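Here the structure comes first, spelled out in structure tokens, and everything after it is commentary.
The values are calculated or read from the model by the stated rules, or taken from the named source; none is laboratory data. Just so it is clear, the structure is predicted and the values come from calculations on it, not from any experiment. Here the Cβ is made from the backbone with ideal geometry for all residues, glycine too, and neighbour counts use every protein chain on show.
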Amino acid sequence: MRIAEITRKTKETDIAVTINADGSGKADILTGIGFFDHMLTAFAVHSGFDLFVRCNGDLEVDGHHTVEDVGIVFGQAFAQAIGDKKGIARYGNFAVPMDESLASCSMDVGGRAYLVFNADFQGESIGDMNTQLVREFFQAFASNACVTLHLNLIYGENDHHKCEALFKSFAHTVKSAVKKDGKDEVLSSKGTLE
């Protein structure tokens, strides 16, 4: 089983994340930011990852430290769970429609951290989450998981739908990228993904 548990405590956040890449989509999320919890739950359900997240953050300041730091720890847990990357598909690509919105995600679990994020939101927040933090989460994840991640909001009007389409396309992309292909080698002409 590809399971990882990571904890991280700073003056701004106290976080525990457990993931099971071979799970069944169970989610137990509590960050103090309701809409963020909703997005992480959607990720778990659509990726098939079991995901446990607890974060006690300085929400009296704002949600930035909570969302970014959860992305950091989640990325570290992802990297640890996937391990040496032997036998995984490595690449994933998926588009998700959410009513009037359409988002796509492409990912390479190739050991190089990079984010391309093309999405704009009309409002300052969705529920209790600042819309600027959507990019911050994905940047923190990509940097700490050491993946190349391209997220594109192709079109949309409703910010909730746009964000949910992004997270669900991310989830399905992750699911396909880490799927085992039955081989005991990394998918690289170099012979390594480091």
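Could you pull out every one of the strands (runs of 3 or more DSSP E) wholly within region 53-148 that has 1 or more residues that are without any contact (Cβ under 8 Å) to a residue 60 or more places away in the chain and touching a Lys or Arg at 6+ places or on another chain (Cβ under 9 Å)?
On the way: elements: 91-98, 101-108, 114-118.
Result: 114-118.
Buried (at least 19 other Cβ atoms within 10 Å of the Cβ) and outside any helix (DSSP H, G or I): does that describe K168? If you could, list the steps in order and put the result at the bottom.
Values: buried (at least 19 other Cβ atoms within 10 Å of the Cβ): yes; outside any helix (DSSP H, G or I): no.
No.
Among the criteria (1) touching a strand residue (DSSP E or B) at 6+ places or on another chain (Cβ under 6 Å); (2) surrounded by 22 or more Cβ atoms within 10 Å (Cβ to Cβ); (3) among the aromatic types (F, W, Y); (4) more than 22 Å from I126 (Cβ to Cβ), the one F36 does not fulfil is (4). Taking region 22-33 as the search range and keeping residues that are under 20 Å from H160 (Cβ atoms) and hydrophobic (A, V, I, L, M, F, W, C), which one is surrounded by the most Cβ atoms within 10 Å (Cβ to Cβ)? Filtering first and then ranking leaves I33. Only one entry of N152, N144 meets the criterion of being within 23 Å of G25 (Cα to Cα), within 16 Å of the chain's Cα centre (by Cα) and surrounded by fewer than 20 Cβ atoms within 10 Å (Cβ to Cβ), and that entry is N144. Taking every residue in region 18-43 that is on the phi > 0 side of the Ramachandran plot and pairing it with any residue that is in a helix (DSSP H, G or I), at least 6 positions away or on another chain, the pairs with Cβ-Cβ distances below 6 Å are G25/A44; G25/V45. Among the residues of region 1-21, those that are touching a Gly at 6+ places or on another chain (Cβ under 8 Å) and surrounded by fewer than 17 Cβ atoms within 10 Å (Cβ to Cβ) comprise E12, D14. Of all residues in region 39-74, those being in contact with a strand residue (DSSP E or B) (Cβ under 8 Å, 6 or more places away or on another chain), of a type in the set (A, V, I, L, M, F, W, C) and surrounded by fewer than 20 Cβ atoms within 10 Å (Cβ to Cβ) number 2.
Closer than 19 Å to Q80 by Cβ, modelled with pLDDT of 95 or more and of a type in the set (D, E, K, R): does that describe K175?
Values: closer than 19 Å to Q80 by Cβ: yes; modelled with pLDDT of 95 or more: yes; of a type in the set (D, E, K, R): yes.
Spelling it out, K175 is indeed closer than 19 Å to Q80 by Cβ, modelled with pLDDT of 95 or more and of a type in the set (D, E, K, R).
Could you tell me whether any residue of region 23-37 is assigned to a helix (DSSP H, G or I), of a type in the set (A, V, I, L, M, F, W, C) and within 25 Å of V109 (Cα to Cα)? There is at least one residue in region 23-37 that is assigned to a helix (DSSP H, G or I), of a type in the set (A, V, I, L, M, F, W, C) and within 25 Å of V109 (Cα to Cα).
The residue that is nearest to R2 (Cα to Cα), among those in region 83-101 that are among the hydrophobic types (A, V, I, L, M, F, W, C) and at pLDDT 95 or above, is F94.
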